[in-house]
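A short worksheet on the structure shown next.
The values are calculated or read from the model by the stated rules, or taken from the named source; none is laboratory data. None of these values were measured; they are calculated from a predicted model. Every residue, glycine among them, receives a Cβ derived from its backbone with ideal geometry; neighbour counts consider all protein chains shown.
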Amino acid sequence: MLTYRGNPRSGGQGIYIRLLSRALVELGHHVDVWSGQPYPELLDGVALHEIPSLDLWNDPDKPRHEALRQVRDSIDFAEWASTVTGGFKEPITFCRRAARRLTSLEGGFPYDILHDNQSLGAALLPLQAHAPLVATIHHPVTRDRRLALEASRGLKQWWGHFRFYNFLPEQIRVARQMERVMTVSDCSRQDIAAEYRIPENRMRVVGNGIHVDVFQPIAGAVRVPNRLITTLSADQPLKGFRFLAEALALIRETHPDMELTVIGEPGQRTGTADRIRELGLDGAIEFTGRVEDHEIAERYSRATLAVVPSLYEGFGFPAGEAMACEVPLVSTRGGALPEVVGEDGQCGVLAEPGDAADLARAIREVLSMTEERRATMGAAGRRRVLENFTWRRAAERTVDVYREAMALREERAAC
């Protein structure tokens, strides 16, 4: 498995690598993970091969001109030059480094299949001479770019966002040449096919899993009245946090004691802190920073309800994790979230994305329910996760795609 970043605390891709690799091993397969920084925290039985980069985007305050001293070759220089001009080339340069290492291994090429986790650099394509290559695309990043450009405040910020996404054209070209592309929801399949122009007959939907051994109800936990909770893995327009902040301000007009816990932290240049002050919410919102999964589960178990305000999600780990903890849920209909949450009113109440008033309406609807009704909703959520979103099921379906790609390769070789 190949992933240009693997940190399980910085978004869904790190969770995907960590837990899918373990589930594949539990099915009896040998799995190695090749990753750039920040490196994944892999579980027993999965080997990590580190592919160091200059790691310039992991610390935005790091003086980038000083990193020129670390440049060792043309790949490093391409990464540095793109970064100092505002571009994000990590996925592309990771692929170049990984391909160089993989093709120079002593003893020959050791893998039956290569599985790329949305790196999609052109350097991966020649590796198809050695083994079938499949990729997971979690959602079309064209959506992230479009929302970031629309949310830009002024020409300078618009240009910065435009430059950041300079990796996208190459990723789209490479995705079109993959033997098989997996994605995590029907919504993502349709949107990727439309925006990347990949034939749907080459795409397979393999839903994610939820770590149900960690995200589960905590025995003896008591829900705190007037406590909302949300997860902010990255403070970017796609996550819709500003609409939740505006909804909270509306709710506090009738529920002045309502507070919000945010698993994560505000971005340094996103305007989130300014917007919170403008709305008069300084004392009503707590940012936890990065915390361990077990602490997230504990906080879910003590919250009145969880909110997922995203404008778009290819899957929606926060929704599934909240449901697994049996916390009542409010979610937008953004992207694939209805596929995770299910029918409106059963495991959660749905609202329109990008609409603070409708989000506030949905939150008030859950708050008006009896404790018994909210408990029933929470229990239904965990049942839905256990029936549909386990990592073992995800691993079994992933192996089906591997075998399909390998069979396709054998058919072509026989012709």
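The residue list Ala407, Ala375 contains one member that is touching an Asp or Glu at 6+ places or on another chain (Cβ under 8 Å), part of a helix (DSSP H, G or I) and among the aliphatic types (A, V, I, L, M), which is Ala375. Restricted to helices (runs of 4 or more DSSP H) entirely inside segment 124-190, those with at least 2 residues that are closer than 23 Å to Met203 by Cβ are 141-150, 168-175.
Of all residues in segment 327-357, those that are free of Cβ contacts under 8 Å to residues at least 60 places away in the same chain, surrounded by 24 or more Cβ atoms within 10 Å (Cβ to Cβ) and in a loop (DSSP other than H, G, I, E, B) total 2. The one condition from (1) under 26 Å from Cys187 (Cβ atoms); (2) in a loop (DSSP other than H, G, I, E, B); (3) out of contact with any helix residue (DSSP H, G or I) (no Cβ under 7 Å at 6 or more places or on another chain) that Pro318 does not meet is (2). Here segment 1-37 is the region considered, the condition is being within 16 Å of Val214 (Cβ to Cβ) and in a loop (DSSP other than H, G, I, E, B), and the residue that is modelled with the lowest pLDDT is Arg9.
When only residues in segment 38-52 that are crowded, with 20+ Cβ neighbours inside 10 Å and modelled with pLDDT under 95 count, which is farthest from Val399 (Cα to Cα)? Per the criteria, the residue is Pro40.
Return yes or no: is Arg242 in a helix (DSSP H, G or I), out of contact with any Leu (no Cβ under 6 Å at 6 or more places or on another chain), buried (at least 16 other Cβ atoms within 10 Å of the Cβ) and charged (D, E, K, R)? The answer is yes for Arg242. Within segment 255-281, being within 23 Å of Ser152 (Cα to Cα) and among the polar types (S, T, N, Q) holds for Gln268, Thr270, Thr272.
So which residues in segment 364-407 are of a type in the set (Ser, Thr, Tyr) and within 23 Å of the chain's Cα centre (by Cα), if there are any at all?
Filtering segment 364-407 down to residues of a type in the set (Ser, Thr, Tyr) leaves 368, 370, 376, 390, 398, 402.
Passing the criteria: Thr390, Thr398, Tyr402.
Go through (1) surrounded by fewer than 19 Cβ atoms within 10 Å (Cβ to Cβ); (2) touching a residue at least 40 places away in the same chain (Cβ under 8 Å) one by one and return the number of the condition Gln157 breaks. Just one mismatch for Gln157, condition (2). Filtering Thr230, Thr254 for residues that are surrounded by fewer than 21 Cβ atoms within 10 Å (Cβ to Cβ) and of a type in the set (S, T, N, Q) leaves a single hit, Thr254.
Identify, please: which residue in segment 1-37 is hydrophobic (A, V, I, L, M, F, W, C) and in contact with a Lys or Arg (Cβ under 8 Å, 6 or more places away or on another chain) and is, among those, farthest from Thr398 (Cα to Cα)? Quick ask: steps written out before the conclusion?
Step one: of segment 1-37, the residues hydrophobic (A, V, I, L, M, F, W, C) are 1-2, 15, 17, 19-20, 23-25, 27, 31, 33-34.
Narrowing further to those that are in contact with a Lys or Arg (Cβ under 8 Å, 6 or more places away or on another chain): 23, 27, 34.
On the way: Ala23: 10, Leu27: 11, Trp34: 18 Å.
Per the stated criteria, the residue is Trp34.
Here is a yes/no grid of residues against (1) farther than 29 Å from Pro353 by Cβ; (2) under 20 Å from the mean Cα position of the chain (by Cα):
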{"site": "His115", "(1), (2)": "yes, yes"}
{"site": "Gln128", "(1), (2)": "yes, no"}
{"site": "His138", "(1), (2)": "no, yes"}
{"site": "Arg163", "(1), (2)": "no, no"}
{"site": "Ala193", "(1), (2)": "no, yes"}
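Where in segment 250-315 are there strands (runs of 3 or more DSSP E), lying wholly inside it, with at least 1 residues that are modelled with pLDDT under 95 and under 29 Å from Gly207 (Cβ atoms)? Don't jump to the end; show me each part of the working.
Numbers: elements: 259-264, 285-287, 305-308.
Correct list: 259-264.
For segment 110-123, a residue qualifies if it is within 30 Å of Leu238 (Cα to Cα) and part of a loop (DSSP other than H, G, I, E, B), and the qualifying residues are Gln118, Ser119, Leu120, Gly121.
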